[in-house]
Amino acid sequence: MSAVLATPLSTVPRSEGVWRTAWRRFRNDRVGMVSLVIVAAFLVLILLSATRLVASNWQREVGVPNAPPTLLGPRPPEDLGTIEVPKGPNVDLSDVDPLAPKYKEWAERAAKMKTEEIARAQTLPLGGDRLGRDVLAKTVKGTEISVFVGVLASLLATGIGTLLGAFAGFFGRKADDFLEWLYNVFTAVPDILLIFAFAAVFGRGIGTVVLILGLTGWAGVYRQVRAEFIKHRGREYVRAAEAIGASTGSRMFRHILPNVSHVILVRMSLLVVGFIKAEVILSYLGLGVPVDQVSWGTMLAEAQAELILGYWWQLAAATLFMAVFVTAFSLMADAWRDALDPRLRGAE
């Protein structure tokens, strides 16, 4: 017994922490790792766009209007038809065109001005929009705005919901009663009406969209986190932490929170997807990003009119980028949920 007591504590092997164990389990998930690489590539692309290293010229008209993708090749010139102009000594051109007397004056003024002819590309990598802007550059810039809005708004909503749910579930009583009343007030009003009400008050802008979505999307996270904290606050490991003198904050955020983080990650991944869709709807209705910015939502709104004329490439580009990011982010979040689930950790 004395030999055991004499063993220094530094030589006693320590178990892995929660996050180190989760990372080890996450690395063994091939789908999760591939999804993480794709999400990381999107984040690098967003960083390059934010620093104007790529897609800085997305507003420039570099191609002909509705330039097709390069793989399709240039389209044949459109036949605009001809206008029959009557001829004869007694014909007054002002009867055909009221501005005809001004043409000579305008031509003389134009001759005095220096003009620069800008060559426009007949094709672009992913095509061009109705003004000749590069769809690829617009999609990259739109990815920056849409992902920024979706991720930041989901972090705000998740943070609010987690904090309120932790307080309600851990303390209970009056705190729980008040927060349950607040939750019922928010859920009694349809989400779309809350979004429209906040949009009418705060106006347009990227920061406004993030604030609106964050303040209206926390209720679902709050409800689940509250239920998890109620379930965990009376378990043996929390009581043991209290017995050794752990503070309230330590028990809440160092002991209980890691064991419910898989639930939070699932809700956050759903919010990211939902908020990106909400940004699309808000931008389509004119309540989203400003008119001088571009996002997946504004691109899809523009593509509606172009699709009728057979110009499908802007819709395809925005949809493809959105589908890849949303799918990869959802799969990555599922992998992290499995890695952090305490029941799966105990099954190893």
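The values are calculated or read from the model by the stated rules, or taken from the named source; none is laboratory data. All values reported here derive from a predicted model rather than from experimental measurement. Virtual Cβ from ideal backbone geometry, glycine too; neighbours counted across all protein chains shown.
Remarks
- Note on the stretch 1-120: enclosed helices (runs of 4 or more DSSP H) holding 2 or more residues that are within 30 Å of GLN293 (Cβ to Cβ) and at pLDDT 65 or above are 30-50.
- Scanning the stretch 144-168 for residues that are touching an Asp or Glu at 6+ places or on another chain (Cβ under 7 Å) and modelled with pLDDT under 90, we see that the one that is nearest to ARG52 (Cα to Cα) is SER146.
- All positions within the stretch 179-192 that are outside any loop (DSSP other than H, G, I, E, B), within 26 Å of SER146 (Cβ to Cβ) and at pLDDT 80 or above: PHE186
- Taking the numbered list (1) surrounded by fewer than 24 Cβ atoms within 10 Å (Cβ to Cβ); (2) within 30 Å of GLU306 (Cα to Cα) in turn, GLU180 passes all entries but (2).
- Identity of the residue in the stretch 300-329, small (Gly, Ala, Ser) and modelled with pLDDT of 85 or more, that ends up surrounded by the most Cβ atoms within 10 Å (Cβ to Cβ): ALA318
- Criterion (surrounded by 15 or more Cβ atoms within 10 Å (Cβ to Cβ), part of a helix (DSSP H, G or I) and in contact with a Gly (Cβ under 7 Å, 6 or more places away or on another chain)) met by exactly one of VAL151, VAL147, VAL210, VAL225: VAL225
- Test: residue in the stretch 282-292 that is modelled with pLDDT under 80 and at positive phi: yes
- Pairs where the first residue, in the stretch 169-184, is over 20 Å from GLY217 (Cα atoms) and the second is assigned to a helix (DSSP H, G or I) and of a type in the set (S, T, N, Q), C-beta under 9 Å, 6+ apart: PHE170/THR248; PHE171/THR248
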